[in-house]
Amino acid sequence: DVKVTQSSRYLVKRTGEKVFLECVQDMDHENMFWYRQDPGLGLRLIYFSYDVKMKEKGDIPEGYSVSREKKERFSLILESASTNQTSMYLCASGFRGRGTEAFFGQGTRLTVV
Amino acid sequence: QKEVEQDPGPLSVPEGAIVSLNCTYSNSAFQYFMWYRQYSRKGPELLMYTYSSGNKEDGRFTAQVDKSSKYISLFIRDSQPSDSATYLCPIANDYKLSFGAGTTVTVRA
């Protein structure tokens, strides 16, 4: 079974803190993604990576950065957390190629106070 | 214009009913269509995958793609309380998936 593991299920951080969300996959997938999910808005893509050290902006990259130093690990960084970044964050991975499915982690519920 | 539009519901049906879920998409060039199911407090899981037009059936689930109308549908027959979840219909756009709002379904016992 494909496993995408996110480091935390629930996280509470203060405004202005630097926040790291970690994601690890065990299927040797080339592609990795970070989405956020908000009620009524669905899943929105923040960043994705198609190879080690490569990254592409998604639809809502502002206030976020990413790091992919190893193929299996993709980190999302909130440089200075704000209350409007309170959300469910979902990591996903998949093989390279058009139309391939994505496998999701269990999500991290981040609350910024 | 959003790449995929989905009525967020919520949708509530009695056990045994047929559930009908729909999405519309903007670009007729899209070829790969999926349905994901997401239980509360879990990540989405792939439910159905279809390529181009036509129907695909898997047990109680049927996925339909009508490329001429840019319309995709998911039907759940003999719905069960365990089908209560949010259903998502992403479009495979280049190398990433673009999602709509998702439709939340509750099947009442």
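The values are calculated or read from the model by the stated rules, or taken from the named source; none is laboratory data. Treat the numbers as computed from the prediction; the structure is a model and nothing was measured. Cβ atoms come from the backbone with ideal geometry, glycine included; neighbour counts cover every protein chain shown. Only protein heavy atoms, including side chains, enter the accessible area calculation; ligands, DNA and RNA are left aside. Shrake-Rupley method; radii C 1.70, N 1.55, O 1.52, S 1.80 Å.
General remarks:
- Screening B:ASP94 against (1) more than 14 Å from chain A (Cβ to nearest Cβ); (2) free of Cβ contacts under 8 Å to residues at least 12 places away in the same chain leaves a single unmet condition, (1).
- The residues of the range B:33-80 that are within 26 Å of A:GLN106 (Cβ to Cβ) and acidic (Asp, Glu), listed by number, are B:GLU45, B:ASP58.
- Filter result (of a type in the set (D, E, K, R) and closer than 17 Å to B:PHE30 by Cα) within the range B:60-109: B:ASP66, B:LYS67, B:LYS70, B:ASP94, B:LYS96
- Taken together, the residues in the range B:17-26 that are open to solvent by less than 60 Å² (accessible area, probe 1.4 Å) and assigned to a loop (DSSP other than H, G, I, E, B) amount to 2.
- In the set (1) within 21 Å of B:GLN38 (Cα to Cα); (2) free of Cβ contacts under 8 Å to residues at least 12 places away in the same chain, A:SER87 fails one condition alone, (2).
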